[in-house]
Amino acid sequence: MNIPNLGEPLSEEHISFLQTLSTACRRSIIEMTSNAQSGHPGGSLSVMDYLSLLYAFVISGSNEPVVVSNGHVSPAVYAILGELGVVDKERAIRLFRKPSDVFEGHVNRKVRGVHYSTGPLGVGASVASAFALGNHLKKSTESVYLLMGDGEQQEGQAYEMMNFASKYALSNLVLFIDYNKLQLSASLDSVMPTNISGHYRAAGWEVIEVDGHDYQAMWNALSKAKAMQMMSGVDGASGERGKPVCLIAHTIMGKGVSFMESEADAGKSSWHGNTTNKELTEKALGELVVDESGVGAISDFLAGFGGSLKDKIFSYDFVKNGSVVEGFNVGTPKEYPVGKEMFDCRGAYGNALTDLAGLNMNVVAMTADLAGSVKTDGVKKAFPERHIECGIAEQHMVSAAGGLSLRGFIPFCSTFGAFMTSRAKDQARVNDINETNAKMVSTHCGLSVGEDGPTHQAIDDISSFLGFFHTSIFEPADANQCDRIIRRVASVYGNVYVRMGRSKLPILTAEDGSAFFGGEYEFKIGKADILRSGKDVTIVASGPMVERALRVRELLSGTVDVEIVVVSSLKPFDTETVAKSAKKTGAVLTIEDHEPQIGLGMLTNAALKDEEVNVPFATMGVRAYQLSGTADELYEEAGLGIAHITKEVEKLMKAKI
C-alpha cells in the first residue's frame, strides 16, 4: 500500500487500513484503562480515528511534532505509538499508570514520540504555538499538529494562544478540537456553553468543521491546511498573510464501544474518566475485533518501514540541566562605574540581553506588554523579529518560552514578579516537569516596586519556585552582578527565575574602592560572595538589602565587626559559605526584600540546621503588605531602615553574651 500525499484522495484500501488500525488501537485503550482501573477511555476513543490517520500517513513521513494539550487522552497516544512499533505496545498496556514505567496518566515527554508533557489544560496549546513560531523563525516549512479538547476551550490560556497564533500568522499550526460535546462532569452546554467556532473565526483562524470519524473528510481538511500554509510561504514570505487552521471535529465519546456511545448519545459523560469492569471490558473487546487479515495489513504497512516506525517517529531530546550551551557567546561583561551615579538592575538586564541577542541568533526576548518597563525594548529595537510580544498573557508567555526552548532557542521572558510567579506559576511548573530551558526574568520585585502598591509587591515570589526540581533562582545585588548573572544563565541549560527590583542602586565596592562585581568577577551558580570580612556578626543579604548591610557595617565600625555574605544564588544555595561564616562570627542576621519565612531567612535557617550551627539568629524582611510610596519610604515602614537593621545587629551582639 502506497502512503498518500496530502492533497491526494484516500483509496478504499487506505480507509480500510485506517479502520483496522483504529480498531486495534481502541482495543489497546480498553486494555490499558481496564488493567489500570484508572484513566480516561471516553475521549481517548473519540480522538483515535484522527490520530491513526495523522500518525500513519503524515507523521510517519515527516516526524512533525504533535502536541496533545488534553493530555488525559494519553491512552490514545500510547496506543498509536505502540501499534506502530514506536514504543512497546504490551509494556504500555501492562504498565499504564504504574510507577515502574513512563506511561503516565497524562502524556509524558519521556515516552518516545511525545514532544511535551501535558496535563493542566491550555498549556500544550501555547507550547504548540511556540513550536510553530520557532519554525517560522528558522524558516522551516514543518507543520505543528495540536490536539485539544472541547471543554478545554473554556480555559483562558486557550484564548491567549488563539490570539497569539493569529498575530504571528502561524499558518503552520493545525489544531484539532475533539468536539464530542462532553466534558468531565456533564455536557458542554450545561457546564459552560462555548461558541468555539465563533471564537476562532473572530480571532482570525481558518475554521473547518469536519466529521472526526470520517477519514476522507479529515484528510481533505489536513490537505487544505497544508495547502494554505504553502500558499502563504515560510513566515508569510509570499505576501499572503497566513492563518492558523482549526479543525472542529464532531466526534462521539467512547466511539467504537456500543454501550459507551449510547451514553454519549444521551448526553452523559459517564466514560470521561471511568473505566470498565471485567464484564464490560470483555464486552468492549468483543466489539473491537481485529482479524488475522487486519493484523496482516498492519504488519505489511510496517514492513515498509523495516517492521516499525521507531526510527521515523521520535521527540526532542532531553538536555541535562546545567549543561553548557555549545557555541554560546557570552560576550564581554559591561562595567558599570563606581561613583555617585546609581543604576537599576533591570536596565543592566536589558543591556546584557540586547548584547547577547546580537551575538547569538537563538536568543529571543518575550514580554507581556511591558517591554519598556522590563527593558526588553533594546532587543525590540535592534532585533524586532526576535522580540516576541505576547500581549497581556503571562500564562501563555511562560508556556511558549518553554516551547521555544525545546526548538533550540534561548527565550528570556519578562514581566513583573507578582505576575510571573502567581499567574504563571502553573505554566512554569509544567515547564519544570518538561525540563525546558526557559529564562524567566522578573522586575519590580519586593517593595522596590514603590508607588504601585501591594498588588504589585512581589514579596512571596521566591517561594513560588523553590519547590521545583529543575528551576534555579537568582537575585542580583547591583547592575554589574546582574549583567554577569544574565550572561551566565544564558550560557547554561535549564529553567531559571531571576528577580530584581525597580529602583536604582549604587555600585557595590570592594574594600579598595573598586567595583566588587566588576573586573574579573565571575558569577558562579550556587556560590555566595563575601563582600566584607568580619568577626562579630554575619549579615546574610540579598538584592537591594546588600547596600543597606554595607551602610550598617560602616555605621557600626569600631564597635561591631560585621561580615557581609551576599546570597545571589537562592537555589542552589551555598550552605557551606553561610555556615562557615556563622561559625566564625557566632551570630547571623538575614535581610531581604521578601517575606523571610519563605525566602532568604528560611533558606539560611535551614542551612545552619543542616550544618548543626547553633548561634543567635534573626531574620528581617517584609512581614506585611505595604501601601504606596518610594522604595526608601516603604523600607522604613516595613522595618528595613538602617536604624532598624542596626538595632537588630546590636540585639544579636547582646544575645551572644
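The values are calculated or read from the model by the stated rules, or taken from the named source; none is laboratory data. Nothing here was measured: the structure is a model prediction, and the numbers come from that model. Cβ placement follows ideal geometry from the backbone for every residue including glycine, while neighbour counts extend to all protein chains displayed.
How many residues are small (G, A, S) and crowded, with 22+ Cβ neighbours inside 10 Å when one looks only at segment 549-568?
Summing the residues that are small (G, A, S) and crowded, with 22+ Cβ neighbours inside 10 Å in segment 549-568 gives 2.
Residues G372, G339, G378: which one is touching a residue at least 40 places away in the same chain (Cβ under 8 Å) and surrounded by fewer than 24 Cβ atoms within 10 Å (Cβ to Cβ)?
G339
Give the number of residues within segment 311-349 that are in contact with a strand residue (DSSP E or B) (Cβ under 9 Å, 6 or more places away or on another chain) and within 17 Å of Q481 (Cβ to Cβ).
Residues in segment 311-349 being in contact with a strand residue (DSSP E or B) (Cβ under 9 Å, 6 or more places away or on another chain) and within 17 Å of Q481 (Cβ to Cβ): 12 in total.
Looking at G519, is it in contact with an Asp or Glu (Cβ under 8 Å, 6 or more places away or on another chain) and either among the acidic types (D, E) or at positive phi (or both)?
So G519 passes the test.
Tell me, which strands (runs of 3 or more DSSP E) wholly within segment 455-538 include 2 or more residues that are crowded, with 22+ Cβ neighbours inside 10 Å and in contact with a helix residue (DSSP H, G or I) (Cβ under 7 Å, 6 or more places away or on another chain)?
471-474, 495-499
Anything in segment 281-314 that is surrounded by 11 or more Cβ atoms within 10 Å (Cβ to Cβ), closer than 20 Å to P75 by Cβ and without any contact (Cβ under 8 Å) to a residue 24 or more places away in the chain? List them, or say none.
Passing the criteria: only E282.
Check segment 200-214 and report whether any residue there is within 25 Å of G233 (Cβ to Cβ), part of a helix (DSSP H, G or I), at pLDDT 95 or above and in contact with an Asp or Glu (Cβ under 6 Å, 6 or more places away or on another chain).
For segment 200-214, residues within 25 Å of G233 (Cβ to Cβ), part of a helix (DSSP H, G or I), at pLDDT 95 or above and in contact with an Asp or Glu (Cβ under 6 Å, 6 or more places away or on another chain): absent.
Only one of these conditions is not met by S117: (1) more than 23 Å from H14 (Cα to Cα); (2) surrounded by fewer than 20 Cβ atoms within 10 Å (Cβ to Cβ); (3) of a type in the set (S, T, Y). Which number is it?
(2)
Quick check on segment 432-454: of everything there that is out of contact with any helix residue (DSSP H, G or I) (no Cβ under 6 Å at 6 or more places or on another chain) and surrounded by fewer than 24 Cβ atoms within 10 Å (Cβ to Cβ), which residue is nearest to V622 (Cα to Cα)?
Top of the filtered list is P454.
Within segment 567-657, considering only strands (runs of 3 or more DSSP E) that don't extend past its boundaries, which have at least 3 residues that are out of contact with any Lys or Arg (no Cβ under 6 Å at 6 or more places or on another chain) and not small (G, A, S)?
Once the strands (runs of 3 or more DSSP E) in segment 567-657 are filtered for at least 3 residues that are out of contact with any Lys or Arg (no Cβ under 6 Å at 6 or more places or on another chain) and not small (G, A, S), what remains is 588-591, 617-620.
Look through T590, T604 and report the one residue that is in contact with a strand residue (DSSP E or B) (Cβ under 6 Å, 6 or more places away or on another chain), closer than 25 Å to S442 by Cα and either touching a residue at least 60 places away in the same chain (Cβ under 8 Å) or not assigned by TED's automatic domain parsing to the domain that holds P544 (or both).
T604
Between A631, A624, which is small (G, A, S) and within 24 Å of Q481 (Cβ to Cβ)?
The match here is A631.
Check segment 630-640 and report whether any residue there is touching a residue at least 60 places away in the same chain (Cβ under 8 Å), surrounded by fewer than 17 Cβ atoms within 10 Å (Cβ to Cβ) and of a type outside the set (S, T, Y).
Looking through segment 630-640, none of the residues is touching a residue at least 60 places away in the same chain (Cβ under 8 Å), surrounded by fewer than 17 Cβ atoms within 10 Å (Cβ to Cβ) and of a type outside the set (S, T, Y).
Which of the residues belonging to segment 315-336 are surrounded by 11 or more Cβ atoms within 10 Å (Cβ to Cβ) and small (G, A, S)?
S315, G322, S323, G331 - these are the residues of segment 315-336 that are surrounded by 11 or more Cβ atoms within 10 Å (Cβ to Cβ) and small (G, A, S).
From the list S38, S34, S28, S62, pick out the single residue that is over 21 Å from S258 (Cα atoms), out of contact with any His (no Cβ under 9 Å at 6 or more places or on another chain) and polar (S, T, N, Q).
Step by step, each of S38, S34, S28, S62 is checked, and only S62 is over 21 Å from S258 (Cα atoms), out of contact with any His (no Cβ under 9 Å at 6 or more places or on another chain) and polar (S, T, N, Q).
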